[in-house]
1. Is it the case that GLY272 is in the same structural domain as ILE196 (by TED's automatic domain parsing), touching a residue at least 12 places away in the same chain (Cβ under 8 Å), within 16 Å of ligand 1 (Cβ to nearest atom) and closer than 26 Å to GLY138 by Cβ?
2. When only residues in the stretch 270-281 that are assigned to a helix (DSSP H, G or I) and crowded, with 22+ Cβ neighbours inside 10 Å count, which is nearest to ligand 2 (Cβ to nearest atom)?
3. For the stretch 172-191, which residues satisfy the criterion of being away from ligand 1 (no atom under 14 Å from the Cβ) and either surrounded by fewer than 22 Cβ atoms within 10 Å (Cβ to Cβ) or among the basic types (Lys, Arg) (or both)?
4. Which one of these does LYS267 not meet: (1) surrounded by 24 or more Cβ atoms within 10 Å (Cβ to Cβ); (2) part of a strand (DSSP E or B); (3) not aliphatic (A, V, I, L, M)?
5. Just wondering, is there one or more residues in the stretch 241-262 that are surrounded by fewer than 24 Cβ atoms within 10 Å (Cβ to Cβ), on the phi > 0 side of the Ramachandran plot and in a loop (DSSP other than H, G, I, E, B)?
6. For the stretch 166-196, which positions are touching a helix residue (DSSP H, G or I) at 6+ places or on another chain (Cβ under 7 Å) and within 16 Å of ligand 2 (Cβ to nearest atom)?
7. Taking the stretch 136-149 on its own, how many of its residues are over 20 Å from GLY272 (Cα atoms) and assigned to a strand (DSSP E or B)?
8. So is VAL258 touching a Ser or Thr at 6+ places or on another chain (Cβ under 7 Å) and within 16 Å of ligand 2 (Cβ to nearest atom) or not?
Amino acid sequence: MSLISEKKVRFMAKKSSKKKSVSKKINKKLRYAGTSLLSLLLIAVVSFVLDVTGIADILPDLNDSNIENDVNTGNNSSTQGSNTDVKAPDSGKDTGTNNNSGSSTKPVITDNVEYNYEDLRVHFIDVDQADCIFIECGGEYMLIDGGNPETGDKVVNYLISNGVSTLKYYVGTHPHADHIGCVKKIFANFEVENAIKSKCPTKSQYEKAFLSGIENRNSHVITPGMDEYSKEMTLGNATFKCLTVDKEYDDVNAWSIVILLTYKENKFVFTGDAIKLTENDILATGVDIEADVLKVGHHGSYTSSGKKFVQAVNPAYAVIMCGENNDYGHPHAETVATLEDEDIIVYRTDKMGTIVCTSDGKNLHFTAEKVK
Ligand SMILES: [Zn+2]
Ligand SMILES: [Zn+2]
């Protein structure tokens, strides 16, 4: 009797876990509600079975296993740091006035994600109040920004532990410290085949370091503008375009390179610190910018993520990269409200640490872990 019950419990736990696999945005709201309902139902049934059979003491805590994060078991990389038990973020009770909460933040999907070398994996590396996105596909690597100088070692170690020695692309979205501050360390540690830099005329010390890194590594320079607009570049089996238009701006953030990345049926939009003006200029080109995942502009500031832009991207998921209790109050309540209005599932590095999205070209899986 006890053995049969145990087998049944394990089957149900497996089924519950499978149900948490999230595919694309088709009926995402319904699916999420359905998944939550099913999970609750299963937990209730499991609790009942455990109570009745009295085997609760000899089984692992099934509830906890549903909200812990699994180590990625890619054949091309190792996992960095300890896989801490990142619990589900605060849920609910957000009235929209508290910038540092967010009821649209849902628990991270926690399946044991297997990474196939040919597939796409996007790492939103937690670099505090800054941006750093590492992308791998088919053994080729791309880095979009790298954060401040202080977190440079963390980024370098993260990349090395993922087997990186050469970056096919290193993108500096715009010359602010929280985006290209660790540029010296990147060029010092990795070959950079192609350096993609913004046309922003402002020359910060980091921009100068970017230029000398390009010279030292003899990197091919790509400066997106109207000429490069339609140029499609490849990363393994993925392709990407820089959507930045050929225009002059007063605000350095406005010059941010915006990237649309496609891997089979999945699409991602990365925005740097692009402001609403940039977003509108991109929309005006008529480009189809619809995507599954949006890296929210400018750390969730109200200066980005205009309603029209967010609706045009129409993502199922949004990732906000910002620091815990940051001085800017990011993400701003306006941005959180815009994302909530569109029923977008929001993941935040300030709450979850490094967020990794794995795509097999159709399905997306998210994991998160605190990496020191
Ligand atoms: Zn900026
Ligand atoms: Zn920034």
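1. Yes; evaluated as a whole, the condition is true for this residue.
2. THR278
3. Those that are away from ligand 1 (no atom under 14 Å from the Cβ) and either surrounded by fewer than 22 Cβ atoms within 10 Å (Cβ to Cβ) or among the basic types (Lys, Arg) (or both): LYS184, LYS185, ALA188, ASN189, PHE190, GLU191.
4. Going through (1) surrounded by 24 or more Cβ atoms within 10 Å (Cβ to Cβ); (2) part of a strand (DSSP E or B); (3) not aliphatic (A, V, I, L, M) one by one, LYS267 breaks only (1).
5. Within the stretch 241-262, none of the residues are surrounded by fewer than 24 Cβ atoms within 10 Å (Cβ to Cβ), on the phi > 0 side of the Ramachandran plot and in a loop (DSSP other than H, G, I, E, B).
6. GLY172, THR173, HIS174, PRO175, HIS176, ALA177, ILE180, GLY181, CYS182, VAL183
7. The number of residues fulfilling the criteria is 2.
8. The answer is yes for VAL258.
The values are calculated or read from the model by the stated rules, or taken from the named source; none is laboratory data. The model shown is predicted, which means the values in this text are computed figures rather than measured ones. Note that each Cβ is placed from the backbone with ideal geometry, even for glycine, and that neighbours are counted across all protein chains shown.
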